[in-house]
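Only the coordinates and a few stated rules stand behind these numbers; no lab work does. Since the model is a prediction, treat every value here as computed from it, not as a measurement. Note: ideal-geometry Cβ built from the backbone for every residue, glycine included; neighbour counts use all protein chains shown.
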C-alpha cells in the first residue's frame, strides 16, 4: 500500500517514520534502507515494513506486512501483505501521526540568538 504526503507535510521522512514507531534497517547485501515496526514483542515477525521514496515535492511510503522471514537464503520473496484490514489500519495510523506532527520551527536569526530571544534560557532571565 502506498501512502503519499507532500514534502511540506513530511519535510524529514526518516524522522517522521521513526516518530511513527519504526526502526531503521539497512540491507547488508544491497545497502538499501527501510524501516520496520514489530507487531509483538515476542519476535521479529510479523512486522510492518516500509520503504520511503522521495520525488519532487512528494514523499511516498510503501507499506506492507511481513508475516514471516524468507524460507531460503538469497531469496527475497516472503509472505508480504500489501493490502487488507491490518495494513489499512496501519496506514490510517501513520496518516494520523502526520496530522499530529507540529510544523517545522524556523531557525532563529543570528541577531535573535545573540539577544537570547526565543532561547530556552530566556524565560529565566529577567530583563529591565
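Residue exposure proxy: 37, 19, 29, 47, ordered by other Cβ atoms within 10 angstrom of their Cβ from fewest to most, comes out as 29, 19, 37, 47. Here each label is just a point 7 Å from Cα along the line to Cβ, and for residue 28 and residue 14 those points are 2.1 nm apart. With the simple spin-label model, which puts each label point 7 Å out from Cα in the Cβ direction, the residue 4 to residue 97 separation comes to 2.1 nm.
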